[in-house]
C-alpha cells in the first residue's frame with residue numbers, strides 16, 4: 001500500500017477524519033499488529049450477532065483504508081502509525097462499538113497459550129494487545145492476567161523484550177486525561193516504570209513529571225506511596241541539571257524529609273560540597289541506626 005508524504009501531523013490528520021474512517025483506524029490500532037486488507041475484512045465481515053459497524057460494507061472499509069493511506073496514517077499494510085497508536089486506541093474507548101470490535105479482533109487473532117506458542121514475538125504482540133484492551137475496558141482481571149504473562153516473557157527473554165509493557169502503553173506518548181481515569185494502583189505501577197525507564201535511558205519525561213508534581217494527584221497518595229516517587233522525581237530533575245526545581249520540590253512538598261542521599265546529591269551538584277558531605281554523613285547515620 002503506497003503512503004504518500006503528508007506535512008500534516010499524524011494526530012491532526014486523525015482528528016480531521018470522519019467517523020467512518022476513524023472506525024477503520026480504531027480497528028487497525030486495536031488489532032495491535034500488521035495485518036493485510038483481506039484479513040481485516042474477514043475479521044469484520046460478516047459481523048457477529050448483527051453488529052452494525054460505522055463502515056457498513058467491505059467497500060466502505062476499503063475506501064477508509066485508502067483514505068488512511070493517503071493521509072499517511074498506516075504502516076506495514078494495515079497497522080496504525082506507531083507514534084499515535086495509543087492515542088487512537090484511547091479515543092476509541094468513547095465509542096459504543098468498542099466491546100464488539102475488541103471481541104472480533106480477539107476472535108480473528110486469538111492469543112495462544114504460552115505452552116502452545118513456539119513464537120514468543122507473537123505471544124508478546126497478542127498479550128500486549130489484550131493488555132491494551134483490558135485497560136480500555138477497565139477489566140482488572142484481564143489486566144492482571146496479561147500483565148503477568150508479559151512480565152513472564154520479559155523474564156524469559158530480557159533482551160528481546162526490554163521495555164515494560166506499561167511504559168509502552170502508558171508512556172509513549174503519555175496521555176494525562178486518559179491516564180487519570182486508570183485505577184490508582186495501575187497509575188502508580190505505570191509511573192514507577194516510566195520513571196525508571198527514563199532514568200535508565202536518560203530521557204526526558206516532561207508530561208509524567210508534571211503529572212506527578214500535580215498536587216491533586218499527590219493528595220490521593222499516602223506518605224508510603226509518595227516517598228519512592230519523590231526519589232524518582234528528584235533524581236530526574238537532578239540528572240537534567242534542574243537543581244533549583246529539585247530543591248523547591250524537596251522543600252515544599254515533602255513532609256517526612258528528603259529520600260536518603262538526595263539532598264546531598266542536590267547540594268553537591270550546586271557546588272555546596274561541605275553541606276553535601278554533612279548531608280551524606282547524616283543519612284549514613286540513619287542507615288546505620290536502621291540496621292542495628
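The values are calculated or read from the model by the stated rules, or taken from the named source; none is laboratory data. Everything quoted here is computed from the prediction, not taken from an experiment. Neighbour counts run over all protein chains shown; Cβ positions are idealised from the backbone, glycine included.
Can you tell me how many residues within the range 221-242 are surrounded by fewer than 19 Cβ atoms within 10 Å (Cβ to Cβ) and within 15 Å of residue 261 (Cβ to Cβ)?
Within the range 221-242, residues that are surrounded by fewer than 19 Cβ atoms within 10 Å (Cβ to Cβ) and within 15 Å of residue 261 (Cβ to Cβ) number 4.
List pairs: first residue in the range 201-217 and under 15 Å from residue 234 (Cβ atoms), second residue part of a loop (DSSP other than H, G, I, E, B) and at pLDDT 85 or above anywhere in the structure, Cβ distance under 7 angstrom, at least six positions apart or on different chains.
Hits for this filter: 208/174.
Only one residue in 62, 87, 40 is closer than 20 Å to residue 132 by Cα, out of contact with any strand residue (DSSP E or B) (no Cβ under 7 Å at 6 or more places or on another chain) and free of Cβ contacts under 8 Å to residues at least 40 places away in the same chain. Which one?
40
How many residues are touching a strand residue (DSSP E or B) at 6+ places or on another chain (Cβ under 8 Å) and either assigned to a helix (DSSP H, G or I) or at positive phi (or both) if we restrict to the range 65-84?
3
Going by the conditions given, is residue 193 surrounded by fewer than 16 Cβ atoms within 10 Å (Cβ to Cβ) and either assigned to a helix (DSSP H, G or I) or not assigned by TED's automatic domain parsing to the domain that holds residue 141 (or both)?
Considered against the rule, which asks whether it is surrounded by fewer than 16 Cβ atoms within 10 Å (Cβ to Cβ) and either assigned to a helix (DSSP H, G or I) or not assigned by TED's automatic domain parsing to the domain that holds residue 141 (or both), residue 193 comes out as no.
Hey, can you tell me all the residues within the range 172-181 that are at pLDDT 95 or above and either crowded, with 21+ Cβ neighbours inside 10 Å or in contact with a helix residue (DSSP H, G or I) (Cβ under 7 Å, 6 or more places away or on another chain) (or both)?
Result: 174, 175, 176, 178, 179.
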